[in-house]
Every structure is written in structure tokens, then in C-alpha cells.
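Structure, as C-alpha cells:
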Amino acid sequence: MSLGITIVSHVPEIAEGLPKLLKQVAGDVSITTAGGTNDGDIGTSMEKIMQAFDDNEADNILAFYDLGSAKMNLEMAMEMSNKKVHLYDTALIEGAYTAASLIQAGVGLDEIEAQLKPLTIKD
Amino acid sequence: MSLGITIVSHVPEIAEGLPKLLKQVAGDVSITTAGGTNDGDIGTSMEKIMQAFDDNEADNILAFYDLGSAKMNLEMAMEMSNKKVHLYDTALIEGAYTAASLIQAGVGLDEIEAQLKPLTIKD
Amino acid sequence: MTLTVDTLTSWMNNFADKIEVNKQYLSDLDTPIGDGDHGFNMSRGMEAVREKLTTKPVDLQAGFKNIAMALISTVGGASGPLYGTAFLEMAKKSSSTDDLGEVLKAALAGIQKRGGAKPGDKTMVDVWSELVPEVKAGTLSKDKIERAVESTKDMVAKKGRASYLGERSKGHVDPGSESSGYLFEALLETEGLL
Amino acid sequence: MTLTVDTLTSWMNNFADKIEVNKQYLSDLDTPIGDGDHGFNMSRGMEAVREKLTTKPVDLQAGFKNIAMALISTVGGASGPLYGTAFLEMAKKSSSTDDLGEVLKAALAGIQKRGGAKPGDKTMVDVWSELVPEVKAGTLSKDKIERAVESTKDMVAKKGRASYLGERSKGHVDPGSESSGYLFEALLETEGLL
Ligand SMILES: Nc1ncnc2c1ncn2[C@@H]1O[C@H](COP(=O)(O)OP(=O)(O)O)[C@@H](O)[C@H]1O
Ligand SMILES: Nc1ncnc2c1ncn2[C@@H]1O[C@H](COP(=O)(O)OP(=O)(O)O)[C@@H](O)[C@H]1O
Ligand SMILES: [Mg+2]
Ligand SMILES: [Mg+2]
Ligand SMILES: [Mg+2]
Ligand SMILES: [Mg+2]
């Protein structure tokens, strides 16, 4: 089982910038992103999220998002995708950073999820 | 007492992008940022943080950061600045978004801090 | 009371008209308790729906599905996946029934599954959950629609952007409830649908 | 045992040499439990310090302060504010004493105030808290420095980037402890300082 990360943000710049932080500690982890609407405005896009799932090299994807409406598009994309996607209601940056560090260190999904639990702040 | 927001991120793109999310719900709130090192690499800069404090139009600043070393530079900048700065160990994006919404709605600092408490995930 | 490709198309065009006329108002409702874009989001979405329906769908299910996909692709905000899911669920349901009440009941369940909101959370769920039973009972009226929309005014938001404001979200009508009100008004006005 | 502008400068130049020689090694230590940049960060910082000290500071306090500011401006990572605060506190303390042990004690307190780490958290605090008393007691040795640095290997990180790895941070020497070890080695080697 290989683990990757997908980042979903309302803002294209955040979606582009966050992987730079993660790559510093997780050079070997596949990280894909979906930022902004189809027009590049502030918002999210189910199509971009599906694309981010497809582009991810891992067979199990850990997905993180910023605001609630991103979660709705994420869940729609999950229902339409063949990839196995795990969605977390954690702080976006901090949760993704934690997951990236742990995936790079070879930690398994159960242990990663235990470490993500205290970072859960949405529902 | 006017309230503003300062964002400190290791990544220049995150520091540039996050205000776009906040401005959507807080058009009248002064939001300043410090992203990356003095060379524009991934990291933080005490000088950039001091500048972000200075540039902020508010007399009370709510400050948010991504990783621990940003907090250290923030605290150094706070010790050297004349502005009144309140530092929060919340999720960066979610905490700043919450604060921005509430400042725009005219909510006072005490009430804002109560709403930020459940978003606290660092120390 | 027959749901057909033609009545569906009239219903949607009427809804699109209402959104177009009221888009500034809907965005204004979204300003104090959100990000001020709900009218523009819905207008972009319903223009895409209108455009899509200029090609007549092969059947009711295809019609609902096309509407859903147009909304999902173009709306951008939370209302995109919410209305999108509503119409996707209507597409599924319409394969087994043309009873509008049943179809709308499936839509409401979809909105609740997607957004996790309950009645009282100051979202479009408040309007849908109030009015779907009225459609089923054949008692929908303009007055009931207005009251359902207005009822959100004094609620404290528990879901969506307005929920960040806590108590401060009180005193404002929920924008998604207002646009949902237009959907039910359009339904009421559509010749031969109810 | 006299702390002067000249002994301070020799100490720093020796420290800068050690950082320069070991910068790849320090970054390698930072790779499994961090972001692999500690050596490059410290090298950038100590080159700036070396450059700064080519102009002789007016007194000890100015010397410490210049070192602090150079590190704060150039290091970039967590070690910047940490070493920076250490030297700022040394600057303050050096106005009232030239006792190296006292000055280093103030530095350690500064590092702990800045980073909030306690002994055992697998940070540079482990090396500083072990070795400052040795300096005070006049018993610092190369062997003790080595042991203090090595002691971090089996610790679980509670602060800094390594703390994200929890138990997985075990089995690796902490990079900031290694660079701090060089600082104490350089001190030991500086003629006339101890
Ligand atoms: N979780 C949810 N469940 C149900 N409805 C919701 C939810 N979140 C938001 N809404 C509805 O969506 C409307 C806002 O839509 P819109 O402004 O287009 O999206 P956004 O908030 O992303 O800008 C709200 O007025 C509310 O009726
Ligand atoms: N909170 C802290 N308290 C004390 N020392 C710390 C703390 N955080 C990090 N460090 C030290 O800093 C070192 C890492 O420095 P460096 O790699 O330059 O910074 P960064 O982690 O920002 O890349 C660690 O090995 C550790 O010794
Ligand atoms: Mg909106
Ligand atoms: Mg929006
Ligand atoms: Mg590092
Ligand atoms: Mg670094």
C-alpha cells in the first residue's frame, strides 16, 4: 500500500505553496493539489479534485481541505473516483505536514491517523 | 481599539494566498503578511514579521503562524515591536479565517479569543 | 401533476429567470454572513443549466443529470455541490417515479447527506425540509415559501460560512434558503407541474 | 579564563570553521528527522557572523549583539531565533560580568524561553543544559561534549520538526545538538578563553 497526499484549497496559491513546505520533509511522497474553481477564482472544483486524485501516484490518498465547501466537492469526487481516498477534518496545513512527515518516515496508516486525531478541528 | 491580522508562513505563496480567502469575508480588515526568508526561500524572517506589524493599519494585531519556528521569529518580533500583538497557536488558515470573519462583524477581542480556543492545536 | 422533460425545462428556465433578476439581492444577503457571492454563483450555474437545456434531454433522468453536472462544474461555492447533489439524487429517483414529491424528497436527503446540516442550522435545508412535505401534500403556496425562507432569519448558523459568526449570524435571512425559495416558487408557477 | 572581544572572535571563527567543514553532515543529520537544511542554515549564519566580526566590535556586548543579529537575519530555520536569542542574552549578561559560565547560563535560559524545550526533548537544550554546568565548574572536556550530543540519539523529540515523527525520531542524533557540540568544542579549543 503506497500513501500519497491530496490538498484541496479555495485559493490556487495555497494549493501551489503548501506542497513546497511538505516536500522539504517528504521528498518521496506523491503530493497533488486542487486549488480554486475551474475559472481559477477562489473556490473549489470537483473536476480539479478528481484530476488531483488521478495524478497522484499512490494507491491510497490522504486528503486535506480548508473550508467546508471544499469538503463537499471532495466527497463528491471521492464517490466518483476509483482511488481509495481517506478524508481528514484536520487543520489543513498542520495536518498535511504531519501526514507528509510520517509517510516519508514509513509510518503506516493507522499510526498516522492516530497522530492526526488531535489536529481535527472541523466537522 | 482596531483589530487587524498578521499571517506568518514559511511559504511565500501561502502568505500571499491566504489573505485572498480572508478578504472575501473581511474586506475592511487590515491583513498583512510575512512569508518566507529574507531570500524568499522556505522559512520565516523576523524582519519581514516586524514589517508586517508596521504595515498593519490596526493598533491591535492578531497573529497566526504555520510551524513552530515561525512562532519563535514572531515572538522575537513582538519583543522588538511597539505594536500590541496577540499570538494564537491555532490552525493557521482556519484560525485566521475565523478571526477575520468575526473582526469584520464587529465582534470584540474577548469573544474572538473564545471562538479561537477550540482551534488551538500547537504549543 | 406530471414531471416531464418539458415541464422540467420550463421549471428550470423560470428558476434561472428569478436568479438572474435577484442575483444582486442574493449576493447582498450573503455579504453580512458570508462572502457575498451567492447570487453570482447561482447565476453562473443557472445560465449554464439554461444553455444545457437548449438541447432537449432524451429523458427525465438525463435532464436532471445534465442540470446537476452544469451546476457542479460552474457554481464554485458550497451551493454547487449542494444543488448538484440534489439534482443528481432527483436523476436517480426519476428512473423509478415521476412523482414530484418523491423526487424532491430524494433531493432533500441528498442535500443533507452532502452538507450534514439539520433543520434549524440556518441553511437551505430549512426551506427544503419545510416545503417538500407541502409539495407531497399538494399544499405548497407562495405564502408558505415566504415563511420558510423568513424562518431562517432568527436562526444561529451551524453550518457553512455563516457558522463562523456564531450568534452574530442572527438577524439575516440565509442566502441559500432564499435561492431555494425561488426554486419552489418557480415550481409553483410552472404550468402543469403541480 | 577571560572573555574579551578577541577571545570571542577566535571562538566564533573556530565555530564557523567547524560548521563549514561539517555542514553536509549536519544537514544529513537533519534529513531523517527534519528538512535536511540545518548545516546549510548554520553555514549561512556563521559566514555572516565571520564577515561581521572582520570589523572589530567596540566591546564584548556589541560583539555578542552583532553575532546575534547576523544569525537572526540569515539562518532562516528554527536555529536562527534560537542561537540568535542565546547570543542576545549573552550580550545582555556580558554588560555585568565577563564570567563565561554566567554568560552561557543566560544563553541557555534564552534558548529555553524562545523554544520552550526542556532537557530530554531532543533539542539543543540537551547539550546546553548538560555542558553549561561543566563550563562553570571548569570541567568541560571533549569527551563530555561528545556524550552530551550522543545522548540525544535515543530520545523521542518533543519540540521542533522532529517531534512530528513521535517515536520514529528515535535512533538519530539531533542536528542542533551536534552544532551546539561544535560551539562548545570551539570554546574548549580557544586559547585563553577557559
Ligand atoms: N453544510 C451545508 N449544508 C446545507 N447548506 C449549506 C451548507 N453550507 C452552506 N450551505 C448553503 O449554501 C449557501 C451559500 O452558498 P454560496 O454562497 O454559493 O457558497 P459559499 O459559502 O461557498 O460562498 C448558504 O446560504 C447555505 O444555504
Ligand atoms: N523548540 C525548540 N527548542 C529548542 N531547540 C529547537 C527547537 N526547535 C528546533 N530546535 C533545534 O533546532 C534544530 C533544527 O534547526 P534547523 O534545521 O536549522 O531549523 P528548521 O527545523 O526550521 O529547519 C533542531 O535539531 C533542534 O536542536
Ligand atoms: Mg457565498
Ligand atoms: Mg464563495
Ligand atoms: Mg532543518
Ligand atoms: Mg528549515
Among C:Lys113, C:Lys18, C:Lys65, which is the only one that is within 12 Å of another protein chain (Cβ to nearest Cβ), among the charged types (D, E, K, R) and more than 16 Å from ligand 4 (Cβ to nearest atom)?
C:Lys113
Restricting segment A:74-103 to residues that are of a type outside the set (A, V, I, L, M, F, W, C), over 12 Å from the mean Cα position of the chain (by Cα) and surrounded by fewer than 20 Cβ atoms within 10 Å (Cβ to Cβ), which is modelled with the lowest pLDDT?
A:Asn82
D:Val75 vs. criteria within 26 Å of A:Leu21 (Cβ to Cβ), free of Cβ contacts under 8 Å to residues at least 40 places away in the same chain and either surrounded by fewer than 22 Cβ atoms within 10 Å (Cβ to Cβ) or within 16 Å of ligand 5 (Cβ to nearest atom) (or both)
yes
Collect the residues in segment C:1-33 that are in a helix (DSSP H, G or I) and either of a type in the set (D, E, K, R) or over 18 Å from the mean Cα position of the chain (by Cα) (or both), keeping them in residue-number order.
C:Val5, C:Asp6, C:Asp17, C:Lys18, C:Glu20, C:Lys23, C:Asp28, C:Asp30, C:Thr31, C:Pro32, C:Ile33
Within the bounds of segment A:6-24, is there any residue that is within 14 Å of A:His86 (Cα to Cα), away from chain B (no Cβ under 14 Å) and either of a type outside the set (Phe, Trp, Tyr) or crowded, with 24+ Cβ neighbours inside 10 Å (or both)?
yes
Which of the residues that make up segment B:35-58 are away from chain D (no Cβ under 13 Å) and either at pLDDT below 95 or touching a Lys or Arg at 6+ places or on another chain (Cβ under 8 Å) (or both)?
B:Phe53, B:Asp54, B:Asn56
Criterion first (touching a Gly at 6+ places or on another chain (Cβ under 6 Å) and either surrounded by fewer than 21 Cβ atoms within 10 Å (Cβ to Cβ) or at negative phi (or both)) does C:Lys136 satisfy it?
yes
Test: C:Ala107 is more than 16 Å from ligand 6 (Cβ to nearest atom), crowded, with 19+ Cβ neighbours inside 10 Å, within 14 Å of chain A (Cβ to nearest Cβ) and modelled with pLDDT of 95 or more:
no
Restricting attention to segment D:139-157, report how many residues are surrounded by fewer than 22 Cβ atoms within 10 Å (Cβ to Cβ) and either within 16 Å of ligand 6 (Cβ to nearest atom) or within 14 Å of chain A (Cβ to nearest Cβ) (or both).
1
Scanning segment A:36-65 residue by residue, those within 12 Å of ligand 1 (Cβ to nearest atom) and either among the β-branched types (Val, Ile, Thr) or touching a residue at least 40 places away in the same chain (Cβ under 8 Å) (or both) turn out to be A:Thr37, A:Ile42, A:Thr44
How many of the residues making up segment C:163-194 are of a type in the set (D, E, K, R), part of a loop (DSSP other than H, G, I, E, B) and buried (at least 20 other Cβ atoms within 10 Å of the Cβ)?
1
Being buried (at least 19 other Cβ atoms within 10 Å of the Cβ), within 14 Å of chain A (Cβ to nearest Cβ) and more than 15 Å from the chain's Cα centre (by Cα): is that true of C:Gly160 here?
yes
May I ask you to list the residues in segment B:9-51 that are closer than 21 Å to D:His38 by Cα and aliphatic (A, V, I, L, M)?
B:Val11, B:Ile42, B:Met46
Answer yes if at least one residue in segment C:92-101 is within 14 Å of chain A (Cβ to nearest Cβ) and away from ligand 6 (no atom under 16 Å from the Cβ), and no otherwise.
yes
If only one of C:Gly36, C:Gly45 is within 16 Å of ligand 4 (Cβ to nearest atom) and part of a loop (DSSP other than H, G, I, E, B), which one is it?
C:Gly36
Where the second residue is surrounded by fewer than 20 Cβ atoms within 10 Å (Cβ to Cβ) and in a helix (DSSP H, G or I) and the first is without any contact (Cβ under 8 Å) to a residue 40 or more places away in the chain and lies in segment A:66-94, which pairs have Cβ atoms under 6 Å and are six or more apart or on separate chains?
A:Ala77/A:Met50; A:Ser81/A:Met50
For segment D:29-56: of the residues being more than 14 Å from every other protein chain (Cβ to nearest Cβ) and free of Cβ contacts under 8 Å to residues at least 12 places away in the same chain, which is farthest from ligand 5 (Cβ to nearest atom)?
D:Thr55
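The values are calculated or read from the model by the stated rules, or taken from the named source; none is laboratory data. This structure is a prediction, so every number in the text was calculated from the model and none was measured. When we count neighbours, we look across all protein chains shown, and the Cβ atoms used for this are built from the backbone with ideal geometry, even at glycine.
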